[in-house]
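Enquirer: Structure in structure tokens, see below.
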Amino acid sequence: MSDRILLVRLGALGDIVHLLPALDALRRARPEARITWVCEDRFAGLLRGHPQIDRLLEAPRRKGSWTAFLKDLRAEPYDLAVDLQGMLKGAWIVRASGAGERLGYAPPLGKEMSHRLMTRTVAVPPDPASEHHTRKAMILLGLDGSGAQARFPRSEVAAREAEKVLGPEGSFPRVVLWPSSSPGTRYRRWDPLRYVAVARDLAAGGTEILVPEGKDDEGLSASLVEALPDRARLLPFVSIPVLIELLAR
């Protein structure tokens, strides 16, 4: 495998999280490689300062700053560029990188004709064991993945903010409930009343219920807390680094 590797996965947040074990496996397989990751700027807080990434490039979600992004992208040479997205936008970035070898998914995972911009594609068999993003990436990169795990960047500044948000630790265990998803994926949301039922059972056992406010949760978090007066506490919206530290506690 090459020494200068570009990984392209622009989003979304959960998908990037699912690829972190593949990053861990890649780093352990190639400890001397220089790894660059491209993601959308709105998800960069998940990867900024990551110990297994040498360079993070933040692709603009909106128009206006692509010229500067492309300049940064081409500032370093790459031996291998990998499209972990399987969509035309990510494939275009891989192609624009100038890498001599461009690796991506063969159809049907390689959508929007993205595979045509690759120099090599890998077909992932339609097998239940390979349906998860993590397993797909392992197959694409040719990694075994045994013992691989998701690692997250840690920040002392974010840790202090998380402790401020949480407040003094009490004598009861804490549980975080997150009832929302983005507005575009409402179909993924569990029935809020079921969260209320779960929270009531947990609170009955003496657990403190913490509900972080989502940026676009349309009031779901607040309504869950309102349904559980004196049992649940609404946490303010926090950045991704602070959320990592909050969940680490």
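The values are calculated or read from the model by the stated rules, or taken from the named source; none is laboratory data. Only a predicted model underlies this, so the values are computations on that prediction, with no experimental measurement involved. Cβ sites come from the backbone with ideal geometry, for glycine too, and all protein chains shown count toward neighbours. These accessible areas exclude ligands, DNA and RNA; they are computed on the full protein's heavy atoms, side chains included. Shrake-Rupley method; radii C 1.70, N 1.55, O 1.52, S 1.80 Å.
Enquirer: Consider the candidate values [x] 1.14; [y] 1.03; [z] 1.83; state which one is Cα Rg over 2.2 N^0.38 Å computed from the structure displayed.
Expert: Evaluating Cα Rg over 2.2 N^0.38 Å on these atoms matches [x].
Enquirer: Then there's this: I'd like the distance between the alpha-carbon centres of the stretch 203-249 and the stretch 88-163, rounded to an integer number of Å.
Expert: Between the Cα centres of the stretch 203-249 and the stretch 88-163 lies a distance of 31 Å.
Enquirer: How much length is gained on full extension from ALA29 to LYS164, taking 0.36 nm per residue of separation minus their Cα-Cα distance?
Expert: Here the segment from ALA29 to LYS164 would lengthen by 44.7 nm.
Enquirer: Let me ask something additional. Taking the Cα centre of the chain as origin and charging only Cβ (+1 Lys, Arg; -1 Asp, Glu), how large is the dipole, in debye to the nearest 20?
Expert: Using only the charged Cβ atoms, the result is roughly 620 debye.
Enquirer: Moving on to the next point. Which is the longest run of the chain containing none of the chymotrypsin sites (Phe, Trp or Tyr not before Pro) found in DSSP loop states (not H, G, I, E, B) with at most 15 other C-beta atoms within 10 Å?
Expert: 1-189
Enquirer: What percent does the relative contact order of the chain come to when contacts are Cα pairs within less than 8 Å and at least six residues apart?
Expert: 18 percent
Enquirer: Can you pull the percent of the chain's accessible area that's carbon plus sulfur, 1.4 Å probe, other chains left in place?
Expert: 53 percent
Enquirer: For HIS132 and ARG233, FRET efficiency with R0 = 30 Å and r from the beta-carbon atoms, rounded to 0.05?
Expert: 0.35
Enquirer: Can you give the local net charge around GLU161? Use residues other than it whose beta-carbon is closer than 14 angstrom to its beta-carbon, Lys and Arg +1, Asp and Glu -1.
Expert: Around GLU161, the surrounding residues sum to +1.
Enquirer: May I ask which of LYS136/LYS215; LYS89/LYS215; LYS89/LYS111; LYS111/LYS136 have a Cα-Cα span longer than 21 Å here?
Expert: LYS136/LYS215; LYS89/LYS215
Enquirer: Restrict the search to the stretch 47-119; then list the GluC sites (Glu not before Pro) that DSSP places in a loop and that have at most 16 other Cβ atoms within 10 Å of their Cβ.
Expert: Qualifying residues, ordered by number: GLU112.
Enquirer: Given R₀ = 41 Å, FRET efficiency for THR119-ARG174 by Cβ-Cβ distance, to 0.05?
Expert: 0.25
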